[in-house]
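So the structure is just underneath, and the comments pick up after that.
Computed from the coordinates by the stated procedures, all read-outs in this text should not be read as laboratory data. Being a predicted model, the structure only gives us computed values, none of them experimental. Every residue, glycine among them, receives a Cβ derived from its backbone with ideal geometry; neighbour counts consider all protein chains shown.
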């Protein structure tokens with residue numbers, strides 16, 4: 001009965017446009033079904049080493065990459081637990097639910113958290129960040145917590161601008177790039193970030209279950225200064241075992257197989273084309289929205305390329321829209337969280353999605369919105385998206 005129910009659900013949810021998990025390519029799913037191997041043996045060591053090697057250019061680093069059996073949130077917790085001691089002060093820069101969760105992790109580990117507030121839909125103001133750090137003349141901030149991409153609001157921060165704003169402040173800089181990594185350029189070493197966290201189930205288009213952390217030498221050197229208690233998430237153990245092609249604890253071997261296959265696909269496509277693909281899908285969704293009288297929650301200059309958050313028109317029931325799309329069109333999109341619950345529709349661009357998939361989903365959305373009484377020219381809106389999706393994919397120079 002359980003297997004049958006799961007099968008029916010999979011049959012329904014054919015196109016995932018949520019912010020993750022995402023649709024995986026058939027060869028990625030096939031890789032997860034490969035026979036299991038000894039996770040302390042040479043076969044798995046080759047897989048783990050290959051994953052780390054393939055991830056370095058995605059992070060933009062020549063340093064260490066460690067893999068943890070967890071969600072992206074586990075990776076963020078590991079970064080905090082290994083970097084700071086209770087009582088230290090950090091500056092959190094949230095732009096939505098997941099940035100606030102990052103700050104909450106720091107509080108749970110006994111840190112004093114100051115928040116640099118940003119209006120919903122906006123990215124962090126680099127000038128405001130630079131000003132606050134200049135005021136920190138005694139370097140009271142031991143850490144700075146940044147978000148690359150925020151799926152709850154469809155906002156993406158300009159990380160080069162954030163790096164410039166931080167300048168030579170000595171705080172340990174940790175970046176949540178869970179929903180950004182792989183979808184747009186990232187230059188960890190050039191930007192002098194200390195720890196960057198990603199996850200398997202977003203732009204890299206593998207199943208969920210693995211967090212990936214890239215760490216610079218400054219991050220490693222500061223771990224010996226103390227920190228919060230940790231056991232499962234001890235990154236020094238992960239580094240030590242990783243050098244031998246192992247993990248400290250039993251890893252999700254099948255998910256590692258899937259991530260290795262997904263990374264092979266990613267590099268075969270080429271990072272520049274992957275960036276262009278995500279950007280084009282987001283642009284097509286926003287063109288549809290503009291022609292359909294739908295307001296984008298994210299502000300100009302703050303648009304994410306992996307998630308588009310659209311304000312629900314007056315009189316439109318977000319839950320009903322999502323339910324109808326799921327049940328009758330096999331299209332799954334996201335809703336709002338926290339204070340945005342019932343107020344927005346979130347459409348993801350990540351995963352093994354074709355231009356036809358995007359166009360079909362927007363056709364369905366247009367139909368459902370009109371059924372809900374939203375006044376729009378559906379033909380004009382879908383044509384606006386299709387025009388962009390039909391353009392030749394040109395990788396940025």
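Worth pointing out:
- In this rough spin-label picture, where each label sits 7 Å from Cα along the Cβ direction, the residue 339-residue 128 distance is 1.2 nm.
- Gyration tensor (alpha-carbon) shape descriptor, the stretch 293-362, a/c threshold 1.5: oblate
- Packing rank of 139-151, 250-262, where each peptide gets the mean count of other beta carbons within 10 Å, highest leading: 139-151, 250-262
- Helical contribution to [θ] at 222 nm, DSSP H n ≥ 4, -39,500 (n - 2.57), averaged over the chain, rounded to 500: -13500 deg cm²/dmol
- For the chain, the longest principal axis of the C-alpha atoms and the axis of helix 378-389 are separated by about 50°.
- Of interest is the spacing of the C-alpha centroids, which for the stretch 150-164 and the stretch 212-288 amounts to 19 Å.
- The chain shape via C-alpha gyration tensor axes, a/c threshold 1.5: oblate
- Two-site FRET efficiency, residue 160 against residue 244, from Cβ-Cβ distance with R₀ of 35 Å, rounded to 0.05: 0.50
- Mean Cβ neighbour count within 10 Å, used as a protection proxy, ranking 89-100, 311-322 highest first: 89-100, 311-322
- Using alpha-carbon coordinates, inclination of helix 2-12 to the longest axis of the chain, degrees: 60 degrees
- Peptides 18-25, 282-289 ranked from most to least packed give 282-289, 18-25, packing being the mean of other C-beta atoms within 10 angstrom over each peptide's residues.
- Degrees between helix 72-83 axis and first principal axis of the chain (Cα, 0 to 90, nearest 10): 20 degrees
- DSSP beta bridges in the chain [antiparallel fraction, %, rounded to 5]: 50 percent
- Between residue 372 and residue 114, the C-beta separation translates, for a Förster distance of 41 Å, into a calculated FRET efficiency of about 0.45.
- Once the C-beta distance of residue 40 and residue 139 is scaled by a Förster radius of 41 Å, the resulting FRET efficiency is 0.45 to the nearest 0.05.
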